[in-house]
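Student: Would you mind keeping the following structure in view while I ask a few things?
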Amino acid sequence: MDYPTFFLLLSFLFTFIYAFTTSGRRNSRLPPGPYPFPIIGNLLKLSDKPHRSIATLSKRYGPLMSLKLGSRTTIVVSSPDFAKEFFHTHDISFSSRTIPYTARIMDHDKYSIAWLPTGDQWRRLRRITREFFFSVQCLDATQLLRGEKVQELVDHVHECCRNEKTVNIGAAFFTTTLNILSNLIFSVDFAEYDTESSQEFKEAVMALLNFGGRPNLADFFPILKPFDPQGLVSQGNVYGKKLLTIIDRIVDQRLQSRVSSLSTNNDVLDSLLNLVHEDESVFSREDMRHLFFALFIAGTDTTSSTLEWGMAELIRNPEKMEMARSEIVKIMQNKRRNIQEKDISQLPYLQAVIKETLRLHPPAPFLVPHQAIDNVEVQGYIVPKNAQILCNVWAMGRDPNIWSEPEMFIPERFLEVKVDYKGQDYEFIPFGSGRRICPGLNIAHRMLHIMLGSLIHKFDWKLDGNIRAQDMDMEEKFGLTLPRKVPLMAIPIKL
């Protein structure tokens, strides 16, 4: 059953619960938007790709628009000027989070840096992630580890090349990203390339990403929360428990080894166990296990999806692929070595390729939804307390008033203008902005460049099944990230 039919039938059900005359009223000081139906509001206006349908609505109602999604008032931001108003001028007032029902599995919302309000607990976790994960000093100290994992990716592709085997590009990038994080934190691999053996952690992460990305009726109609009508929370609890059980098992093993041996791994787990030991009232084991949970969920699919889109765009635009490759070859003193993180600053065209990929295919098309802490006046309109704030960065990236030829993949545009994704250029904020900007931006910056750069430096690529590059399916599907509808399957050709 398609979405419009489903929601229409649902509206008839709820007409027996709510009064029609009160459900459809609009606050006259809300930003403009389509008039809502009773009960379901504007849900019929959404498609299975809401970033696209909401972008179409914003063209009619303006860059600041209000929608009623079930019982939830939602404010949509679709321009750099309003993005700056929300995430700079009124950053504190919009710094809370709208918590989806599936984020409440295993009480994750009570501990997660992603969902906590910006109070003392959130600030402590933010400081810890910066100090132990994402500071320049930490990233410099762990760059050899990332280089080793990228070499394993290159070796895997070499093996596929030798055997004339097709590579599932997204899956290969996902495995590499997962192993980079698992080695950084636990000094172990959590996944393997092309194996039939059990990969519990990878399966749990992918399942949680799948459940979390589905539209949930309980988010639109809170009255349904006790019933979990789609079973998303109950299924999510199964995989959430599995993921936390694996984390607990590793932590327990490490605690045992610390008792019986004076040696340590000097990884993040050791550092955070020391922190827990110092004062569990400041940072507890529960805080730690949910911090790990959040980092694996947030850091894997976003990175691998962006890299898969980047490779797809380069295969589709071979002249851009050749320009990026030529730039890498030019700075390599030893053609046998891989691109390293220290090389990134010397590769402006590769940087432009990554930026152009993020412009066209932002990993979180609405960012992570914000929520208004209080009633806030923005340019004469009222954004009511508890309203959900969606920033449609996908629409901003394809706005012809901001970008020339916005549907075209043109990395050169970023060579001509000094626009970056660090949260200050509001026309281009794929990682967000303000105090809720993605804490993993710095490590993502390094990983995106060395992983994509390594695979275009060492190999040329052709599509599986003799599909012409111009005929490649470039449709996306909506979820927690914006993955490709059809996985990118390509055959490597050794250069």
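The values are calculated or read from the model by the stated rules, or taken from the named source; none is laboratory data. If you're wondering where the values come from, they're calculated on a predicted model, not measured in any experiment. When we count neighbours, we look across all protein chains shown, and the Cβ atoms used for this are built from the backbone with ideal geometry, even at glycine. Just the protein is used for accessible areas: all its heavy atoms, side chains included, with ligands, DNA and RNA removed. Shrake-Rupley method; radii C 1.70, N 1.55, O 1.52, S 1.80 Å.
Student: Show me the ranking of peptides 424-434, 372-382 by mean Cβ neighbours inside 10 Å, starting with the highest. Write down the numbers at each step before the final one.
Tutor: Numbers: 424-434: 21.4, 372-382: 15.1.
Descending packing order for the listed peptides: 424-434, 372-382.
Student: Keeping every protein chain present and rolling a 1.4 Å probe, give me the accessible area per residue for the chain in Å².
Tutor: On the way: 22310 Å² over 495 residues.
With all protein chains present, the chain gives 45 Å² per residue.
Student: I would also like to ask the following. Taking Rh as the Kirkwood radius computed over C-alpha pairs, what is the Stokes-Einstein D of region 382-495 at 4 °C in a medium of viscosity 1.567 mPa s, expressed in µm² per second? Mind dumping the intermediate values first?
Tutor: On the way: Rh = 17.4 Å.
Estimated via Stokes-Einstein, D reaches 74 µm²/s.
Student: Would you kindly state how much longer the chain becomes between D374 and I402 on full extension, computed as 0.36 nm times their sequence separation minus their alpha carbon distance, in nm to one decimal?
Tutor: Values: separation 28, 0.36 × 28 = 10.08 nm, distance 3.09 nm.
Using 0.36 nm per residue and subtracting the Cα-Cα distance, I get 7.0 nm.
Student: I'd like the accessible area for C161: 1.4 Å probe, protein heavy atoms, all chains in place, Å² to the nearest 10.
Tutor: Around 30 Å² of this residue is reachable by solvent.
Student: Give me the extension gain from V282 to L144: residue separation times 0.36 nm, minus the current Cα-Cα distance, reported in nm with one decimal.
Tutor: Details: separation 138, 0.36 × 138 = 49.68 nm, distance 3.17 nm.
In short, 46.5 nm is gained.
Student: Mind checking which aspartates and glutamates have their Cα closer than 15 Å to the Cα of K494? Skip sequence neighbours fewer than 8 apart in that chain.
Tutor: D155, E159, E164, E322, D460
Student: A further question on this structure: With unit charges on the beta carbon (Lys/Arg positive, Asp/Glu negative), name the residue among A469, A55, I443 whose Cα is farthest towards the positive pole of the charge dipole of the chain.
Tutor: Positive-end residue among those listed: A55.
Student: Does region 47-136 come out rounded, prolate or oblate by the C-alpha gyration tensor, with a ≥ b ≥ c the root eigenvalues, rounded set by a/c under 1.5 and, if not, prolate when a/b is larger than b/c and oblate if not? Before the final figure, lay out each step's value.
Tutor: On the way: a/c = 2.35, a/b = 1.61, b/c = 1.46.
Since a/c reaches 1.5 and a/b is larger than b/c, the shape of region 47-136 is classed as prolate.
Student: Excluding D81 itself, what net charge comes from residues whose Cβ is under 13 Å from its Cβ, given Lys and Arg +1 and Asp and Glu -1?
Tutor: Numbers: positive: K84; negative: E85, D399, D425, E427.
Charge balance near D81 sits at -3.
Student: Additional query: Just to be sure I follow: if Rg is taken over the C-alpha atoms of region 36-83 and Rh is the Kirkwood radius over the same atoms, what is Rg/Rh? Show your work: numbers first, answer last.
Tutor: On the way: Rg = 10.7 Å, Rh = 11.0 Å.
Here Rg/Rh amounts to 0.97.
Student: Rg (Å, one decimal) plus Dmax (Å, integer) for the alpha carbons of region 347-437?
Tutor: Rg, Dmax (Cα atoms, Å): 14.9, 46.
Student: Give, rounded to the nearest 20 debye, the magnitude of the charge dipole that region 143-252 has about its Cα centre when Lys and Arg contribute +1 at Cβ and Asp and Glu contribute -1 at Cβ.
Tutor: Numbers: 10 positive and 15 negative charges, 84 e Å.
Computed about the Cα centre, the dipole is about 400 debye.
Student: Could you tell me whether region 105-215 comes out rounded, prolate or oblate from its Cα gyration tensor? Rule is a ≥ b ≥ c as square roots of the eigenvalues, rounded for a/c under 1.5, then prolate if a/b exceeds b/c, otherwise oblate. Each step should come with its number before you reach the end.
Tutor: On the way: a/c = 2.90, a/b = 1.51, b/c = 1.92.
Because a/c hits 1.5 or more and a/b fails to exceed b/c, region 105-215 counts as oblate.
Student: Pairs K149/K458; K45/K477; K84/K320; K59/K422; K84/K355; K330/K422: which are spaced more than 25 Å apart, C-alpha to C-alpha?
Tutor: On the way: K149/K458 16 Å; K45/K477 17 Å; K84/K320 32 Å; K59/K422 27 Å; K84/K355 20 Å; K330/K422 28 Å.
Violating the 25 Å limit, Cα to Cα: K84/K320; K59/K422; K330/K422.
Student: For the peptides 30-39, 273-282, what is the packing order when you average, over each peptide's residues, the other Cβ atoms within 10 Å and list the highest mean first? Spell out each step's value before the answer.
Tutor: Details: 30-39: 18.6, 273-282: 12.3.
Ranked from most to least packed, the peptides come out as 30-39, 273-282.
Student: With a point put 7 Å past each Cα toward its Cβ, work out how far E322 is from E200 in nm, to one decimal.
Tutor: 5.1
Student: Follow-up. Around G299, what is the net charge, scoring Lys/Arg as +1 and Asp/Glu as -1 over all other residues with Cβ under 14 Å from its Cβ? Walk me through the numbers on the way to the answer.
Tutor: Numbers: positive: R146, K149, K202, R446; negative: D301.
Result for the local shell: +3.
Student: If the chain between D473 and K225 were fully stretched, how many nm would it gain, using 0.36 nm times the residue separation less the Cα-Cα distance? Could you put the intermediate results ahead of the total?
Tutor: Values: separation 248, 0.36 × 248 = 89.28 nm, distance 3.70 nm.
Net length gain for the segment: 85.6 nm.
Student: Accessible area of the chain with a 1.4 Å probe: how many percent of it is carbon plus sulfur?
Tutor: Details: 11640 of 22310 Å².
Carbon and sulfur together cover 52 percent of it.
Student: Something else about it: What is the calculated FRET efficiency for S135 to K342, with r their C-beta to C-beta distance and R₀ = 22 Å, to the nearest 0.05? Could you put the intermediate results ahead of the total?
Tutor: Numbers: r = 17 Å, r/R0 = 0.78.
With a Förster radius of 22 Å, E is 0.80.
Student: Distance in nm between label sites at D464 and R249, each 7 Å beyond Cα in the beta-carbon direction?
Tutor: 3.0
Student: Match the structure shown to one of the listed values [x] 160; [y] 171; [z] 146 of volume of the Cα convex hull per residue in Å³, computed from it, and give that label.
Tutor: [x]
Student: Okay, next question. What distance in nm lies between label points placed 7 Å from Cα along the C-beta direction at N210 and N386?
Tutor: According to this spin-label approximation, the distance is 3.4 nm.
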